[in-house]
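In what follows, a structure is listed as structure tokens, so that the remarks can point back to it.
Read the figures in this text as sums done on the coordinates, not as results from a lab. The model shown is predicted, which means the values in this text are computed figures rather than measured ones. Don't worry about glycine lacking a Cβ; one is built from the backbone with ideal geometry, like all the others, and counts go over all protein chains shown.
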Amino acid sequence: MQAGQSYRAGTRVRVPNGVASFLIPTGWRGEQLDNLAAVLLVSEKEAGFVLAFAILNQTEEELFALLGEPQPITDTLVFEPTGKVTRHGKKLTATYVAGSLTGRGMAIIGPDLQGILFLHGRPQQEPQPSRSLFDELADEVRFIPTKDSLPSP
């Protein structure tokens, strides 16, 4: 990805500094921000955003604790946890609130202490789609093998 360039739905993008990639979902567009090592997704049909970050050198326990803490989105927007972090296989999820926004976080744990973290924010009154955006994102996450995870010849 190149900072400032917009990418359409169906494009596979790699999270900056990480080994994870995912497909931009239908109805969304993505871009890498100049000042942030993340991919920003913006919906073309509803209010809200998704930020995708690389997880680097974090154990599952460290990620569990991290998702239970406040998540700073910008200098003035911080997602405060509203419930317990839940674990489903290699996925950890959490819920947040920030003023009039509701938030969700999902970390997917990959190989070699690497992974991807999605943070989704939207107005509290927006209806939740029938198929979860997080399910769609999670289904399309792929991890690029690192030299440490490849078998020796």
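Using the 10 angstrom Cβ neighbour count as an exposure proxy, how do T102, T74 rank, fewest first?
T74, T102
How high is the relative contact order of segment 6-143? Use alpha-carbon pairs under 8 Å, at least six apart in sequence, and give a whole percent.
Across segment 6-143, relative contact order equals 23 percent.
With the Cα gyration tensor of segment 6-143 giving a ≥ b ≥ c as the square roots of its eigenvalues, does the rule (a/c under 1.5 for rounded; else a/b larger than b/c for prolate; else oblate) give rounded, prolate or oblate?
Since a/c stays below 1.5, the shape of segment 6-143 is classed as rounded.
Quickly rank 14-27, 36-49 as a protection proxy: mean count of other C-beta atoms within 10 Å, highest first.
Going by the mean number of other Cβ atoms within 10 Å, highest first, we get 14-27, 36-49.
If each DSSP helix of 4+ residues adds -39,500 (n - 2.57) and the sum is divided by the residues in the chain, what number results at 222 nm, nearest 500 deg cm²/dmol?
Computed ellipticity for the chain at 222 nm equals -2500 deg cm²/dmol.
Taking H placed 1.01 Å from N in the peptide plane, check which residues at least 5 places from V78 or on another chain put their amide H under 5 Å from its amide H.
Hits under the 5 Å cutoff: I73.
Please compute the modelled spin-label separation between E44 and Q5, points set 7 Å along Cα→Cβ, answer in nm with one decimal.
Result for the modelled spin labels: 1.9 nm.
Starting with the fewest neighbours, write out H120, H88 ranked by other beta-carbon atoms found within 10 Å of each beta-carbon.
Going from least to most buried by this count: H88, H120.
How much length, in nm to one decimal, is gained on full extension between A37 and R142, taken as 0.36 nm per residue of separation minus their Cα-Cα distance?
Length difference between fully extended and current span is 36.0 nm.
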